[in-house]
């Protein structure tokens, strides 16, 4: 991690801080907001006091589930440290993403791609991964309405929203996520975690199910016929 969290880092957060390309897929269309929210929090944790550049297609402005300043503030994140770039097409998104990945002054870059983008092939993902490794900037890619496919990503994740635990006086609980590690090029075994994001301490904490054993366990790959997932603006930079 470039910036350590006050309460210690979770395994998913540690893996996603690696200076390489990391992919996040919603497990179902309804989990798109969870994938965006987790990527936003993970990027902020990796970036520390530096800026985050978020690239997406211009069509995202019409989607009810998208990156938004109020959503970032609700997560305890500073919208002023996010620069949003809206590109006209997937190729433009990827070009902007590579330039962001090459910029060592950034704390992290997030690339949001919607649909089964044929332009995002193995060559394109390798270009992003190599740029991230060279600059030291973690690159998090959120794949909405797409099936998990082979790529040069260092890690590949499936994200589901999880029920929050109510706080004292039945106050709303912390955002919770069920994360499944599908692929790790460094050899880390596939597994699953239930994580909560503490907006006040700005850190992830692993949560056990019902006070029992942690959720970490072996998993199987997502079937190719799983229905595609679909869904967080900020300072405009185009």
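The values are calculated or read from the model by the stated rules, or taken from the named source; none is laboratory data. Source: prediction; values computed, not measured. Don't worry about glycine lacking a Cβ; one is built from the backbone with ideal geometry, like all the others, and counts go over all protein chains shown.
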Residue under question is residue 71, and the condition is that it be modelled with pLDDT of 95 or more and either surrounded by 18 or more Cβ atoms within 10 Å (Cβ to Cβ) or closer than 21 Å to residue 203 by Cβ (or both); does it hold?
no
Please indicate, with yes or no, whether at least one residue in the range 88-95 is surrounded by fewer than 24 Cβ atoms within 10 Å (Cβ to Cβ), modelled with pLDDT of 95 or more, touching a strand residue (DSSP E or B) at 6+ places or on another chain (Cβ under 6 Å) and over 23 Å from residue 159 (Cα atoms).
no
I'd like the residue in the range 50-68 that is at pLDDT below 95 and surrounded by fewer than 18 Cβ atoms within 10 Å (Cβ to Cβ) and, out of all such residues, is nearest to residue 197 (Cα to Cα).
68
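Kindly indicate whether residue 230 is part of a loop (DSSP other than H, G, I, E, B), modelled with pLDDT under 85 and over 16 Å from residue 24 (Cα atoms).
On the way: part of a loop (DSSP other than H, G, I, E, B): yes; modelled with pLDDT under 85: yes; over 16 Å from residue 24 (Cα atoms): no.
In short, no.
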Given the residues 109, 80, which is the only one that is modelled with pLDDT of 95 or more, within 13 Å of residue 52 (Cβ to Cβ) and in a helix (DSSP H, G or I)?
80
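Taking residue 35 as the residue in question, decide whether it is at negative phi, buried (at least 24 other Cβ atoms within 10 Å of the Cβ), at pLDDT below 95 and touching a strand residue (DSSP E or B) at 6+ places or on another chain (Cβ under 9 Å). Quick ask: steps written out before the conclusion?
On the way: at negative phi: yes; buried (at least 24 other Cβ atoms within 10 Å of the Cβ): yes; at pLDDT below 95: no; touching a strand residue (DSSP E or B) at 6+ places or on another chain (Cβ under 9 Å): yes.
In short, no.
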Might you let me know whether the range 10-28 holds any residue that is farther than 17 Å from residue 157 by Cβ, outside any strand (DSSP E or B) and either touching a strand residue (DSSP E or B) at 6+ places or on another chain (Cβ under 6 Å) or at pLDDT 95 or above (or both)?
no
When residue 201 is evaluated against the numbered criteria (1) under 22 Å from residue 73 (Cβ atoms); (2) modelled with pLDDT of 95 or more, which criterion, by number, is the only one it fails?
(2)
